[in-house]
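Take a look at the structure set out below.
The values are calculated or read from the model by the stated rules, or taken from the named source; none is laboratory data. Worth saying up front: this structure is predicted, and the values here are computed from it rather than measured. Cβ atoms come from the backbone with ideal geometry, glycine included; neighbour counts cover every protein chain shown.
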Amino acid sequence: MVKNFSDDDFRDMYPDEETAIKELFEMNHGTKPCPKCKKQTKYYKVKRRKCFECGKCGNQIYPCKGTVMENSKISVRRWLQAIHITNQEGLGLSSTKLALRLGVGYKTAWAINKQLRSVMEQLNKEKNQIKLSKRVEIDETYVGGKKKAPKEGKKTGHNGRENKLIVVGIRQAYPARIRTFYFPDNPNKKRINDLILKNVEIGTTIHTDESALYQDLNKLGYKHDTVNHSDFEWERDGVTTNRIEGTWSKFKRAYRGIYVSLSEIHIESYLAEFDFKRNTCKKIKRDRFEILKSQLFYRDNRVLDSLEGFYQFPLVLQA
Ligand SMILES: [Zn+2]
């Protein structure tokens, strides 16, 4: 059993492009009869093209079609290598680093990185259909930009927002799960309530600071406890938001460097990468590689058919 999934392991598994593209073809078309002549035929790889051909009727299939790799000049193996790299790296992978490790230009690496994050976003969305429960912490933070948000701004969510992006996070205590959400406009009470109702089971114990944003939670059917940060209170009788605040510092550390230029356009994809990697950090690297690969190989942006598929193995992939 490969535990760490090193660069050598990757090279052994995918020695060349033929191996990589064949796996992609077999995953989506492998055992099915030819769609044109309807016979159980053998398909052959066409030389120098990302294409397979039926041995009987000559029908051609492009296995990248419908996947995020469609219209890409990059080889399937390189896509897999990019997944391998992002899987090895920490919570955030910069396109500069990816370019260096893949041996491609910055623009290419940026485009690949963007698609990989969209793959993670899909996986998160699927997973997020299950509500968080038992005990969660909720908090908001300001990221990007150069100015520090003033204290009052944090209280009401109205001031000190120049260049700053507001992100709200929900963190379940056990098993540890994080979901982060970008709010393009000020998060008011109603929008926060909607978000929580959608993501947290009624009856759950919720810990927050004393922000006015969370005042309705008891009314909505949650057990709501607060810590009063303005009184320098950080933990009282087990009520704490320390974990979600630890999550914020992890996020900020992961994106230090590009953090100042974190823009509205990209914030959601960075958050998606962060959530995905945080929530799967206990996974064996090889398993996480397989999760990302199956989503990359999937056609028509379909997500894994079974929710269990995300965290349980072996993956059940239905054609
Ligand atoms: Zn055929």
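Take the residues in segment 93-114 that are touching a residue at least 60 places away in the same chain (Cβ under 8 Å) and of a type outside the set (Gly, Ala, Ser); name whichever of them is nearest to Arg177 (Cα to Cα).
Only one residue fits best here, namely Leu93.
Six or more apart or on different chains, Cβ under 8 Å: which pairs go from a residue in segment 34-59 that's assigned by TED's automatic domain parsing to the domain that holds Ala20 and over 19 Å from Glu23 (Cβ atoms) to one that's part of a loop (DSSP other than H, G, I, E, B) and more than 11 Å from the ligand (Cβ to nearest atom)? Could you list them?
none
Return the only residue of Met13, Met27 being more than 16 Å from the ligand (Cβ to nearest atom), free of Cβ contacts under 8 Å to residues at least 12 places away in the same chain, surrounded by 13 or more Cβ atoms within 10 Å (Cβ to Cβ) and over 29 Å from Tyr255 (Cβ atoms). Please lay out each step first, then the result.
Numbers: Met27 fails: free of Cβ contacts under 8 Å to residues at least 12 places away in the same chain.
Testing whether each residue is more than 16 Å from the ligand (Cβ to nearest atom), free of Cβ contacts under 8 Å to residues at least 12 places away in the same chain, surrounded by 13 or more Cβ atoms within 10 Å (Cβ to Cβ) and over 29 Å from Tyr255 (Cβ atoms) leaves just Met13.
Please go through segment 282-306 and pick out each residue that is modelled with pLDDT of 80 or more and part of a loop (DSSP other than H, G, I, E, B).
Correct list: Lys282, Lys283, Ile284, Tyr298.
Hey, could you check segment 30-55 for residues that are more than 11 Å from the ligand (Cβ to nearest atom) and among the β-branched types (Val, Ile, Thr) and say which is modelled with the lowest pLDDT?
Thr31
Is it fair to say Tyr14 is of a type in the set (Ser, Thr, Tyr) and in contact with a Phe, Trp or Tyr (Cβ under 9 Å, 6 or more places away or on another chain)?
no
Which strands (runs of 3 or more DSSP E) does segment 167-281 wholly contain that include 1 or more residues that are of a type in the set (S, T, N, Q), surrounded by 14 or more Cβ atoms within 10 Å (Cβ to Cβ) and out of contact with any helix residue (DSSP H, G or I) (no Cβ under 6 Å at 6 or more places or on another chain)?
In segment 167-281, the matching strands (runs of 3 or more DSSP E) lie at 205-209, 223-227.
Give the number of residues within segment 56-77 that are surrounded by 17 or more Cβ atoms within 10 Å (Cβ to Cβ) and either of a type in the set (Asp, Glu) or within 16 Å of the ligand (Cβ to nearest atom) (or both).
So the answer is 2.
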